[in-house]
1. Every residue in the range 30-53 that is open to solvent by less than 40 Å² (accessible area, probe 1.4 Å) and assigned to a helix (DSSP H, G or I), please.
2. Quick check, is Gly77 over 22 Å from Met1 (Cβ atoms), more than 24 Å from the chain's Cα centre (by Cα), modelled with pLDDT of 65 or more and not in a helix (DSSP H, G or I)?
3. Out of all the residues in the range 2-29, which are open to solvent by less than 50 Å² (accessible area, probe 1.4 Å), more than 19 Å from His58 (Cβ to Cβ) and not small (Gly, Ala, Ser)?
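The values are calculated or read from the model by the stated rules, or taken from the named source; none is laboratory data. Since the structure is predicted, the reported quantities are computational estimates derived from the model, not experimental observations. Quick reminder, even Gly has a Cβ in these numbers, built from the backbone with ideal geometry, and neighbours come from all protein chains shown. Side chains are part of the model used for accessible areas, which takes the heavy atoms of the whole protein and leaves out ligands, DNA and RNA. Shrake-Rupley method; radii C 1.70, N 1.55, O 1.52, S 1.80 Å.
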Amino acid sequence: MLKPGSLQGDSLEAGSMARAIEDAMVAQGVLKLDDETADAAELRRKTFVAIATGVINHLKSNVEIHVEIHFAIDALGPGIPAAAKTLQGSNGALT
């Protein structure tokens, strides 16, 4: 499940998108945590939560889910090949 995250004390929620953004920026050398004041770090982390919230809300509103289910129907008895049937759908509807 995608979760934007929240501030938990002086860090971001583990497993959240905001934390992943922070970790990636540190790994790429873009962000040096030791060079920040406490106020700057809190503002940056709130910014990451806001960005992650916006991305997740956008995905929820705009991602179309497409599902295909394949199964065999053996309605004619043993020894007769099973018919193939495919169900397709998106956004909760199957056809």
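1. Of all residues in the range 30-53, those open to solvent by less than 40 Å² (accessible area, probe 1.4 Å) come to 31, 41, 44-45, 48-49, 52.
The answer is Ala41, Arg44, Arg45, Phe48, Val49, Ala52.
2. For Gly77, the condition - over 22 Å from Met1 (Cβ atoms), more than 24 Å from the chain's Cα centre (by Cα), modelled with pLDDT of 65 or more and not in a helix (DSSP H, G or I) - is not met.
3. Scanning the range 2-29 gives Leu12, Glu13, Glu22.
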